Amino acid sequence: MADNSYRAGFACFVGRPNAGKSTLTNAIIGQKIAITSNKPQTTRHIIRAVLHRPDSQLVLVDTPGLHRPRTLLGERLNDLVRATWSEVDVIGLCIPANEPVGKGDTFIAGEIAALKATVVAVVTKTDLVDKETLAKQLLAVNALGEFADVVPVSAVANSQLDTLVDVMVGHLPKSPQLYPDDMLTDEPEHVLIGEMIREAALEGVRDELPHSIAVLIQEIIPEDGLTKVYADIYIERQSQKAIMIGARGARLKEVGTKARLEIQELLGTKVYLDLHVRVAKDWQRDPRQLRRLGF
């Protein structure tokens with residue numbers, strides 16, 4: 001690219017759990033790349049999504065939320081997050097408009113203040129509050145630290161997303177294109193498919209179960225107009241297996257149906273999905289099992 005005004009670089013959204021980071025990534029890219037759920041620590045993989053514009057390329061890096069780790073998996077995810085933060089050009093600190101600024105926000109603002117990245121404050125979920133509440137929240141966020149910009153947005157209402165992208169792109173370095181024009185993500189297909197199955201499995205499960213769920217894709221077999229996907233859902237205890245399968249297999253069937261529709265949209269073919277639930281005792285604390293499950 002000969003144009004020396006072209007900008008390209010990496011950005012990520014950070015914030016406490018449920019601040020709207022993955023939803024924002026999907027809304028900006030215009031396609032589902034990152035899984036979303038109201039369960040804390042939904043995101044476990046670093047997923048890069050590329051927004052192509054005539055004058056720029058914004059690579060959004062979706063990361064797990066920083067949290068107080070209780071397991072080896074938690075420690076590894078935090079390490080991954082910090083490593084990513086140290087490498088990106090722009091960080092968007094996401095703070096929901098409908099919740100008071102709290103200790104978690106202050107902690108993360110302090111963590112990122114010393115990094116080389118330009119920090120932009122992003123007040124999310126503005127569709128959930130009135131103008132007066134939003135104005136107060138913007139003042140509270142401004143008091144949290146030194147930000148290059150403060151941008152209120154709503155991913156759900158598609159409000160101010162272009163403004164946010166303009167702001168973030170403005171802080172990217174001048175650079176040639178980093179990815180080919182047709183690339184939306186550099187994430188392997190099997191990881192995206194595994195994440196879609198895990199997202200479906202997260203819906204409606206009790207508190208202790210979300211962290212225990214992992215998905216391993218065993219095989220993907222493309223045939224004429226049909227893709228066969230064989231996957232195992234791992235949980236940590238035998239008692240959780242019954243919850244995941246449900247009465248007469250009803251819950252697992254529900255998970256399969258929801259995930260299959262998402263995977264069909266991703267692949268653009270009909271999908272046959274074969275799911276099995278397996279127990280890997282305390283896998284979040286076991287280095288060998290963590291490796292096998294891709295962490």
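Laboratory data are not the source of any read-out in this text; all were calculated from the coordinates shown. Because the structure is a prediction, the values reported are computed rather than measured. In this analysis, Cβ positions are derived from the backbone assuming ideal geometry, glycine residues included, and neighbour counts consider all displayed protein chains.
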Seminar exercise, completed: Checked against the positive end of the charge dipole of the stretch 189-292 (+1 on Cβ of Lys and Arg, -1 on Cβ of Asp and Glu, about the Cα centre), the farthest of Leu261, Gly249, His190 is Gly249
Exercise. Where in the stretch 46-64 does the label zone of Arg291 land, with the point 7 angstrom along Cα→C-beta and an amide N cut-off under 17 Å?
Worked result: none
Exercise. Over the stretch 7-170, what is the mean sequence separation of C-alpha contacts under 8 Å (at least six apart), divided by residue count, expressed as relative contact order in percent?
Worked result: 24
For this session: Starting from one equal scatterer on each C-alpha and no solvent at all, send me the Debye-based log10 I(q)/I(0) for the stretch 7-170 at q = 0.10 Å⁻¹, two decimals.
Result: -0.32
Exercise. Within the chain, what's the longest stretch lacking trypsin sites (Lys or Arg not before Pro) that sit in DSSP loops with no more than 12 other Cβ atoms inside 10 Å?
Worked result: 117-205
Exercise. Could you name the lysines in cross-link range of Lys116, using Cα to Cα under 28 Å and dropping any fewer than eight places away on the same chain?
Worked result: Lys21, Lys103, Lys125, Lys174
Problem set entry | Qualifying aspartates and glutamates (Cα of each under 17 Å from Cα of Lys258; at least 8 residues distant if same chain) | Glu195, Glu199, Glu203, Asp232, Asp274
For this session: Based on a Kirkwood Rh over C-alpha pairs, give the Stokes-Einstein translational diffusion coefficient of the stretch 72-164 at 20 °C and viscosity 1.002 mPa s in µm²/s.
Result: 152
For this session: Sum -39500 (n - 2.57) across every DSSP H segment of at least 4 residues in the chain, then divide by the residue count to get the 222 nm mean residue ellipticity, nearest 500.
Result: -10500 deg cm²/dmol
For this session: Among Ser56, Gly30, Val156, pick out the residue whose Cα is farthest towards the positive end of the charge dipole of the chain, where Lys and Arg carry +1 and Asp and Glu carry -1 on C-beta, about the Cα centre.
Result: Val156
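For the chain, with only Lys/Arg (+1) and Asp/Glu (-1) charged at the beta-carbon, what is the dipole magnitude about the Cα centre, in debye rounded to 20? It would help to have the intermediate numbers written out before the result.
Working: 35 positive and 38 negative charges, 252 e Å.
That gives a dipole near 1200 debye.
Can you figure out the FRET efficiency of Arg82 with Tyr179, using R₀ = 30 Å and their beta-carbon distance, to the nearest 0.05? Let's see the in-between values first.
Values: r = 24 Å, r/R0 = 0.81.
That gives a FRET efficiency of 0.80.
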Problem set entry | Integer Hz, Karplus 6.51/-1.76/1.60 couplings in order for the stretch 280-295, x for Gly and Pro | 10, 3, 6, 4, 5, 10, 10, x, 5, 6, 4, 4, 5, 8, x, 10
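What percent do you get for the relative contact order of the chain when only Cα pairs under 8 Å and 6+ apart count? Please report the intermediate quantities before stating the final value.
On the way: 555 pairs, mean separation 53.7, N = 295.
Computed value for the chain: 18 percent relative contact order.
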Exercise. Can you sort Phe13, Phe107, Phe295 so the residue with the fewest Cβ neighbours within 10 Å comes first?
Worked result: Phe107, Phe295, Phe13
